[in-house]
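Everything below concerns the one structure shown next.
The values are calculated or read from the model by the stated rules, or taken from the named source; none is laboratory data. Computed from a predicted model, the values in this text were never measured in an experiment. In this analysis, Cβ positions are derived from the backbone assuming ideal geometry, glycine residues included, and neighbour counts consider all displayed protein chains.
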Amino acid sequence: MGNARRRCRFSGSHRGIIGTFVCLWRGGRSTLLLSRMTEHFHNLPDSYQIGHITVRPNIVLAPMAGVTDSVFRRLLLSLGGLGMVTTEMTNAASVTSKAMARHRLLDYLPEERPIAMQLSGSEPELVAAAAKQVEALGADIIDFNCGCPSPKVTGGGHGSALLKDLPKLSRMLTAIREAVSIPVTLKFRAGWDDASLNYVETAKIAEAAGISAIVLHPRTKVQGYAGSADWERIAEAKAAVRIPVIGSGDVKSAEDALRRLTETGVDGVMIGRGAMANPWIFRQISELRADQPIFEPQPADKHWLLLRYLHMLLETMPEHHTMGKLKQLIGQFYVGLPGAAALRRDVQHAKSTAEQQEIIDAYFEPYLSGRFTVAAGAELLDELHNALVES
Ligand SMILES: Cc1cc2nc3c(=O)[nH]c(=O)nc-3n(C[C@H](O)[C@H](O)[C@H](O)COP(=O)(O)O)c2cc1C
């Protein structure tokens, strides 16, 4: 029992309900419980429609400014189980050939399809004109951002500022939809603050404007990223409209994702920070749903992923940008081995990508050469944990 418990405790994404069942009831009974639970997951819908586009599987990557560029999206798509990706939010005013050559936010490769391109803006005519250009770039879907809480964005009347002016949001959505022939979606928050929750109204306005699907992150603008995402709000929005509803917020494991689908009846689940922590989460969701053994990334997989990301970045951007992107990923990436904090710190202080690679190689070398085992690492973590608890 001790060993089984330890293995589960350190198996990263596998620490949820199912992991606990396996830990506590090994043998025939755990198998029974697992198969009962996965039988339930078998019956869940695994796709949704955005206009003529089928999104399958119905688990998608959240747009994250500064993170989900073409390299990150392609890296995650290559790991499997990911139904759709979206570009980082792009200000409609910067959809000009000159600005796009500089910011490159709308760069993508054919293997990323279907791809949604996300725009923000406050002027319906300007956003509609940008949407037309984005359609010409080859976007499969236009996604409009009505959720970004950053004061820089809301100060200009963009992002979640539009939650304070739903008639304008309605005009915006209609203008975009009329400008393009591809489907248009809306990503929004639950309201400006707790006193002005208007997510059900916003969902209905989007549907009435001919929007093909909506994504709700159920925090308010004022909440930022504090507290937790209230999925009951997402379930309420789902019950209020007939178009597909995708939920976003705090999905950190395969069990979380399938539980959200089961409990709220949403059409899809969107994952952001959880995919930075565990880029294999989409694959694990597919496996859990199919009642297959769940892939648990080993040190060699984590080493490979970090270096693959570094090299893919270097192929498309200057060294200093690459360094910044790797620092950002490693800040969120779940290493789950002793010394991970020092690894993060050292990569963040490195002065070149060569140095970053050396640090990563040196950190993982004892595992790759077989000098350390994950079990020994878990043992050490256990000891550290016990020492902390006792002190
Ligand atoms: C660093 C970061 C950047 C983000 N950028 C965007 C963005 O450009 N457009 C957008 O609609 N949402 C953006 N979001 C919100 C996410 O798409 C998502 O709705 C939110 O993080 C909650 O999901 P999560 O808990 O799975 O991360 C961003 C979130 C983070 C953490």
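Taking the stated definitions as given, is Leu77 in contact with a helix residue (DSSP H, G or I) (Cβ under 8 Å, 6 or more places away or on another chain) and either part of a helix (DSSP H, G or I) or within 11 Å of the ligand (Cβ to nearest atom) (or both)?
Here the answer is yes, as Leu77 does meet what is asked.
Would you mention how many residues in the range 208-219 are of a type in the set (Ser, Thr, Tyr) and either out of contact with any Ser or Thr (no Cβ under 8 Å at 6 or more places or on another chain) or part of a strand (DSSP E or B) (or both)?
0
Looking only at residues that are assigned to a strand (DSSP E or B) and within 15 Å of the ligand (Cβ to nearest atom) in the range 51-68, which one is farthest from His103 (Cα to Cα)?
Within the range 51-68, the match that is farthest from His103 (Cα to Cα) is Ile59.
Of the residues that make up the range 81-100, is at least one on the phi > 0 side of the Ramachandran plot, part of a loop (DSSP other than H, G, I, E, B) and either surrounded by 15 or more Cβ atoms within 10 Å (Cβ to Cβ) or in contact with a Pro (Cβ under 7 Å, 6 or more places away or on another chain) (or both)?
Yes: one or more hits.
Can you name every residue in the range 50-80 that is under 13 Å from the mean Cα position of the chain (by Cα) and buried (at least 21 other Cβ atoms within 10 Å of the Cβ)?
Asn58, Ile59, Val60, Leu61, Ala62, Pro63, Thr68, Asp69, Phe72, Arg73, Leu76
Does Ala136 meet the test of being modelled with pLDDT under 95, surrounded by fewer than 18 Cβ atoms within 10 Å (Cβ to Cβ) and assigned by TED's automatic domain parsing to the domain that holds Ala65?
The answer is no for Ala136.
Scanning the range 243-269 for residues that are farther than 21 Å from Ala116 by Cα and in a loop (DSSP other than H, G, I, E, B), which turns out nearest to the ligand (Cβ to nearest atom)?
Here the residue is Asp250.
Looking at the range 81-98, which of its residues are more than 13 Å from the ligand (Cβ to nearest atom) and among the charged types (D, E, K, R)?
Lys98
Going by the structure shown, is Thr220 buried (at least 20 other Cβ atoms within 10 Å of the Cβ) and polar (S, T, N, Q)?
Yes: the conditions hold for Thr220.
The rows are residues; the columns are (1) outside the structural domain of Gly227 (by TED's automatic domain parsing); (2) over 30 Å from Ser212 (Cα atoms); (3) buried (at least 19 other Cβ atoms within 10 Å of the Cβ); (4) under 13 Å from the mean Cα position of the chain (by Cα).
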| residue | (1), (2), (3), (4) |
| --- | --- |
| Ile243 | no, no, yes, no |
| Gly247 | no, no, yes, yes |
| Glu319 | yes, yes, no, no |
| Leu337 | yes, yes, yes, no |
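Could you pull out every one of the helices (runs of 4 or more DSSP H) wholly within the range 285-391 that has 1 or more residues that are farther than 20 Å from Ser78 by Cβ?
The helices (runs of 4 or more DSSP H) meeting that bar are 319-332, 340-349, 353-368, 374-390.
Would you please list the contacts, defined by Cβ atoms under 9 Å and residues six or more apart or on different chains, that run from a residue in the range 270-284 that is within 14 Å of Tyr309 (Cβ to Cβ) to a residue that is part of a strand (DSSP E or B) and within 11 Å of the ligand (Cβ to nearest atom)?
From the range 270-284, the pairs are Ala275/Leu61.
Count, please, the residues in the range 270-316 that happen to be polar (S, T, N, Q) and either within 16 Å of the ligand (Cβ to nearest atom) or in contact with a Gly (Cβ under 9 Å, 6 or more places away or on another chain) (or both).
Counting residues in the range 270-316 that are polar (S, T, N, Q) and either within 16 Å of the ligand (Cβ to nearest atom) or in contact with a Gly (Cβ under 9 Å, 6 or more places away or on another chain) (or both) gives 3.
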